[in-house]
Structures are given as C-alpha cells and as structure tokens.
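See structure below.
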Amino acid sequence: MSVMKRVSLILKSKANRALDRLEDPRETLDYSYQRQLEMLTQVRRGVADVATSRKRLELQMNTLRQQQNKLDGQAKQALGAGREDLAREALGRKATLQGQISDLENQYHSLQADEEKLTVASQRLQAKVEAFRMQKETIKATYTAAEAQSRIGEAVSGISEEMGDVGMAVQRAQDKTAQMQARAGAIDELMASGALEDMTGTPRDDIQAELDSMRSGPDIELELQRLKGEIGAGSAQAIEGGTPEADGAARPAAAEQPQAGDGA
Amino acid sequence: MIVRILGEGQVQIDDAATDELNALDAALERAVNEGDEQDFRLALAAVLDRVRALGTPLAADSLEPSDSILPRAEADLDEVRSMLSDDGYIPG
C-alpha cells in the first residue's frame with residue numbers, strides 16, 4: 001500500500017482506538033473535547049519551552065561574543081606592545097570561539113523555525129477546537145445517540161488527525177529542547193567553573209596576565225619611587241621628633257592623643 | 001481530495017491530479033522499500049512539492065479528515081519507516 005494511505009490509516013486507527021471504548025457516542029464528544037483542550041495546553045507549553053531555550057542560547061552567544069571582543073582587544077594590545085606571539089595566541093582562541101558561536105547560531109535558527117511552526121500549529125488547533133466545541137453543542141442538542149453517531153465520527157476524526165499531527169510536533173520539540181537544555185546547562189556549568197574562561201580568555205587567562213605584567217612594569221617602578229620618597233620623608237620626621245620608642249617611653253600619656261601629635 | 005502534510009496542515013486538491021500524485025507516491029514507496037536515503041529524499045520532496053503546488057489550504061477551523069497523509073518534509077528514512085511500522089511512532 002502507498003505511503004500516503006498507510007500513514008493516514010495508522011493515524012486514524014490510533015485515534016479511533018481511544019474513542020471506541022466509550023458506549024454513548026455523545027460521550028465521545030466530551031472526551032475528545034477534553035483531550036483537545038489538554039493538547040492545546042501542551043502545545044502552548046511547548047511553544048514557551050522552545051522560546052525559553054532559544055533565549056538561553058541567545059544569552060550564551062552574547063557571552064561568547066563578548067569574550068571574542070575581549071580577545072580581539074587583547075590581540076591589538078599585544079601587537080601594540082610588539083608581542084606578535086601573544087597576539088597570535090589571542091587570535092587563535094578567538095577563532096576557536098567562533099566555532100562554538102557558529103554551532104550555537106545553528107541551534108538558535110533551528111529553534112526559531114520550530115517555534116514559528118509550533119505557533120502556527122497551535123493557532124490552527126485552537127481554531128479547530130473552537131469549531132469542534134460549537135459542533136459538539138449542536139450535535140448534543142439536536143440528535144439522539146443513534147442519529148449522532150455518523151456526525152460525531154466525522155467531527156472527531158477530522159480533529160483527531162490534527163491532534164496526532166500536533167502531538168508529534170510537540171513531542172519532537174520537547175525532545176529537542178530537553179537535549180538543548182542539557183547542552184546549555186553543560187556550557188553554563190563550564191562558564192561558572194571557570195574552565196571555559198581559562199580557555200576563552202577572561203580575567204584569569206595567561207594572555208591577560210602577560211599583558212598586565214607588561215603594562216604594570218612602569219607602574220611598579222613609579223610605585224617604588226613613591227614608596228621610597230615616603231620612607232625618606234618619614235625618617236626625616238622621626239629624626240625631628242625623636243625616635244618613636246623613646247617618645248612613647250618618656251611620655252606614656254601622649255599615646256592617648258596620637259592625632260594631635262601627628263598634626264603638629 | 002484532501003491531503004495533509006504532517007507539520008504543515010491540510011490542502012484541497014482537484015481529483016484530476018490523483019493519478020499524478022499516486023505515481024509520485026508509488027515512487028516514494030519504492031524509495032522507502034529500497035532504503036536509499038538519497039532517493040528517498042528526492043522522492044519525498046517531489047511529492048510534497050507537487051502537493052503544495054496543486055493544493056489550496058483548508059481553513060484553519062475545518063474539521064474535515066484527510067484522504068491521504070504525507071510525512072513531514074524533514075522526516076528521514078528511519079522516521080518514515082518507524083511511522084509505517086505497526087507499533088509506530090505516532091502517539092495514540
């Protein structure tokens with residue numbers, strides 16, 4: 001048998017199996033309607049889950065892009081200081097990050113497409129559920145159980161097919177977001193533990209350490225000069241006022257007002 | 001006749017196109033049976049393209065069942081196989 005007919009038969013027979021158990025065909029209407037409402041909730045939750053996953057990817061991509069910019073800045077700084085080796089290292093890491101970003105971008109676009117499809121599916125299902133609800137009331141009000149049978153069959157099989165279709169789409173989306181959550185969680189953990197930072201160039205990385213040490217070279221000299229100057233001035237003061245030990249021993253009461261002594 | 005493409009919705013197609021679609025469907029079935037992913041992809045794309053080109057979308061609030069149902073465009077060979085196997089893939 002052809003593919004088109006087989007898929008159609010399988011989808012329908014699964015839907016009918018659930019409904020055949022009910023005795024009064026009109027119960028079928030209420031049962032099916034309940035299932036429709038549940039499915040509608042499930043689809044909307046699916047859309048929300050996909051959106052959450054997509055936003056999380058967006059945040060991670062932003063973080064990685066920031067790190068890329070930082071590496072770019074480091075490369076420039078290193079080149080400016082004549083350290084081509086360091087610049088090369090920074091650019092190499094930047095390229096590695098690009099691979100991760102591209103990977104995240106692909107996932108992002110794929111999720112975006114899923115989100116759009118699921119949104120359309122949920123709107124379609126909602127329109128059908130509303131049409132079904134009206135038809136259900138008409139059938140219940142107008143027909144006896146015996147008469148209702150064929151009309152119920154038509155209404156239910158049309159929407160059951162939609163439910164089967166949407167159900168598969170939601171299932172796929174859930175599987176995919178679960179996988180992505182796991183991967184995103186792993187990346188978040190790596191970032192939190194600092195493993196990714198060490199690799200990708202943030203505060204504790206060795207490129208920054210070298211750049212910092214180069215930049216801090218002159219500063220340390222200045223700082224040393226300043227400290228030496230202070231020590232020189234301090235010892236001159238001490239000579240003027242006598243040694244601190246002698247001072248304290250001779251006049252213990254003066255220790256209670258050190259600020260007055262300093263000011264003088 | 002009404003044809004559903006899974007994941008896309010239903011379209012109405014003039015019965016005059018039945019033979020043409022049946023031929024494409026038969027080619028798809030051969031590809032599934034032979035198990036060549038490349039042939040399968042081409043055959044699936046061919047029938048889906050034709051259905052989309054010939055079909056007019058049904059209103060969103062239509063409750064009409066389809067006469068035929070086709071796999072989604074992204075489905076691979078394994079997915080279609082497990083869909084066609086009795087125990088299936090399609091949630092009941």
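The values are calculated or read from the model by the stated rules, or taken from the named source; none is laboratory data. Note that the coordinates shown come from a computational prediction; the quantities given were computed from them, not determined experimentally. Heads up, the Cβs are rebuilt from the backbone with ideal geometry, glycines too, and the neighbour counts pull from every protein chain shown. Remember, those area values only see protein heavy atoms, side chains included, never the ligands or the DNA or RNA. Shrake-Rupley method; radii C 1.70, N 1.55, O 1.52, S 1.80 Å.
What the table below lists for this structure:
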quantity: For segment A:39-175: Kirkwood Rh in Å [reciprocal of mean 1/r, alpha carbons]; calculated: 19.0 Å
quantity: Test item: B:50-62 mean partner chain Cβ contacts at 10 Å; calculated: 3
quantity: Shielding by partners - mean other protein chain Cβ count within 10 Å, residues of A:41-51; calculated: 0
quantity: 10 Å-binned pair-distance histogram of segment A:25-101 (Cα, whole percent); calculated: 17, 24, 16, 13, 11, 9, 7, 3, 0
quantity: Percent of beta bridges antiparallel (DSSP, chain B, rounded to nearest 5); calculated: 65 percent
quantity: Protein accessible surface hidden between B and A, which excludes ligands and nucleic acids, total in Å², probe 1.4 Å; calculated: 3100 Å²
quantity: Listed residues A:GLN123, A:THR142, A:VAL170: farthest to the positive end of the dipole of segment A:105-173 (Cβ charges); calculated: A:THR142
quantity: Compactness index (Cα Rg / 2.2 N^0.38 Å), segment B:45-85; calculated: 1.37
quantity: Using alpha carbons only: equivalent-ellipsoid semi-axes of chain B, gyration tensor based, whole Å; calculated: 22, 17, 11
quantity: Dipole magnitude of chain B, debye to nearest 20 (Cβ charges: Lys/Arg +1, Asp/Glu -1, about Cα centre); calculated: 200 debye
quantity: Residues with amide H under 5 Å from that of B:LEU58, placed H, sequence gap 5 or more; calculated: B:GLN10, B:VAL11, B:GLN12
quantity: Percent of C-alpha pairs per 10 Å bin, segment A:145-184, short to long; calculated: 27, 27, 21, 15, 9, 2
